[in-house]
1. Give just the number: which of (1) surrounded by fewer than 18 Cβ atoms within 10 Å (Cβ to Cβ); (2) under 13 Å from the mean Cα position of the chain (by Cα); (3) more than 27 Å from Pro47 (Cβ to Cβ); (4) at pLDDT 95 or above does Glu107 not satisfy?
2. Hey, among Ala59, Ala26, Ala20, which residue is more than 24 Å from Arg143 (Cα to Cα), out of contact with any helix residue (DSSP H, G or I) (no Cβ under 8 Å at 6 or more places or on another chain) and open to solvent by 20 Å² or more (accessible area, probe 1.4 Å)?
3. Under 17 Å from Pro24 (Cβ atoms), at pLDDT 95 or above and not in a strand (DSSP E or B): is that true of Arg171 in this structure?
4. Which residues, taken from segment 60-82, are in contact with a Pro (Cβ under 9 Å, 6 or more places away or on another chain) and in contact (Cβ under 8 Å) with a residue 40 or more places away in the chain?
5. Could you tell me how many of the residues in segment 29-56 are open to solvent by 50 Å² or more (accessible area, probe 1.4 Å), of a type in the set (Asp, Glu) and touching a helix residue (DSSP H, G or I) at 6+ places or on another chain (Cβ under 9 Å)?
6. Of the residues Gly77, Gly91, Gly149, which is open to solvent by 30 Å² or more (accessible area, probe 1.4 Å), within 24 Å of Gly44 (Cα to Cα) and either in a loop (DSSP other than H, G, I, E, B) or of a type in the set (A, V, I, L, M, F, W, C) (or both)?
7. Which residues, counting only those in segment 105-124, are out of contact with any Pro (no Cβ under 9 Å at 6 or more places or on another chain) and not charged (D, E, K, R)?
8. Residue under question is Leu138, and the condition is that it be touching a strand residue (DSSP E or B) at 6+ places or on another chain (Cβ under 8 Å), open to solvent by less than 10 Å² (accessible area, probe 1.4 Å), closer than 17 Å to Val41 by Cβ and of a type outside the set (Gly, Ala, Ser); does it hold?
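The values are calculated or read from the model by the stated rules, or taken from the named source; none is laboratory data. Owing to the predicted nature of the structure, the values given are computational and were not obtained by experimental measurement. Note: ideal-geometry Cβ built from the backbone for every residue, glycine included; neighbour counts use all protein chains shown. These accessible areas exclude ligands, DNA and RNA; they are computed on the full protein's heavy atoms, side chains included. Shrake-Rupley method; radii C 1.70, N 1.55, O 1.52, S 1.80 Å.
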Amino acid sequence: MTSPHGESDDQRAVDGRHQAPPAPVALDPADVAGAAELIAVAFGESPYAELPRWALSQAARGGNAEYQALVARLGEGRQVAAVVVFGLADGAEAAGTLYALAASSPELGRALADEAARIMRAGGARFLMCEIADDPVLDRLSRLLLQAGFVEESRVPDLYRDGVALRFLRRELGAAPDEAGAAG
């Protein structure tokens, strides 16, 4: 890929100017449309997009630990390049839920998933769960979740339709920083 200055990614990396991904920030009302577009791309026109869109709308309201969202913005226009929607699982102690992860690059997706995990761990969660259909339309999202540290814990065969299972992906978070220090 070539930068606006005519340099390739390889040239910038060799010159030591390869930039780290932008820092994740809390969802701002101005980010909602861009975040919704990324979710639409990640989930396509599938029925699986309904819950992530709804969770994003809840996160946009703010003030609720069950629905939170982070974004990464790029460029002068501060275009939303990645979004993660997550929160504490309703009625479950020490469990978090990841509702959506959509990014223009795997690097940005992993950075946002890592920050969501850090926030959940700091809030006392021991793990994050993500439910995802094992449908080819979600292959890219599935790969991104696996790259972000999620592992398949179980599945329900043929839940959505014949041949399309519901997968339960889990990411262990470990002890919160206070608990780790107290254990030693």
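1. (4)
2. Numbers: Ala59 fails: open to solvent by 20 Å² or more (accessible area, probe 1.4 Å); Ala20 fails: more than 24 Å from Arg143 (Cα to Cα).
Result: Ala26 is the single residue among Ala59, Ala26, Ala20 that is more than 24 Å from Arg143 (Cα to Cα), out of contact with any helix residue (DSSP H, G or I) (no Cβ under 8 Å at 6 or more places or on another chain) and open to solvent by 20 Å² or more (accessible area, probe 1.4 Å).
3. Details: under 17 Å from Pro24 (Cβ atoms): yes; at pLDDT 95 or above: yes; not in a strand (DSSP E or B): no.
Here the answer is no, as Arg171 does not meet what is asked.
4. Passing the criteria: Leu70, Val71, Ala72, Arg73, Leu74, Ala81, Ala82.
5. Our first condition is that a residue be open to solvent by 50 Å² or more (accessible area, probe 1.4 Å); within segment 29-56, this holds for 29-30, 33, 37, 41, 45, 47, 50-51, 53-54.
Keeping just the survivors that are of a type in the set (Asp, Glu) gives 37, 45, 50.
Now restrict to residues that are touching a helix residue (DSSP H, G or I) at 6+ places or on another chain (Cβ under 9 Å): 45, 50.
Selection size over segment 29-56: 2.
6. On the way: Gly77 fails: within 24 Å of Gly44 (Cα to Cα); Gly91 fails: within 24 Å of Gly44 (Cα to Cα).
One residue alone meets the criteria, Gly149.
7. Pass one, segment 105-124, residues out of contact with any Pro (no Cβ under 9 Å at 6 or more places or on another chain): 106, 109, 113, 117-120, 123-124.
Pro106, Gly109, Ala113, Ala117, Ile119, Met120, Gly123, Gly124, listed by residue number.
8. Numbers: touching a strand residue (DSSP E or B) at 6+ places or on another chain (Cβ under 8 Å): yes; open to solvent by less than 10 Å² (accessible area, probe 1.4 Å): yes; closer than 17 Å to Val41 by Cβ: yes; of a type outside the set (Gly, Ala, Ser): yes.
Yes, satisfied.
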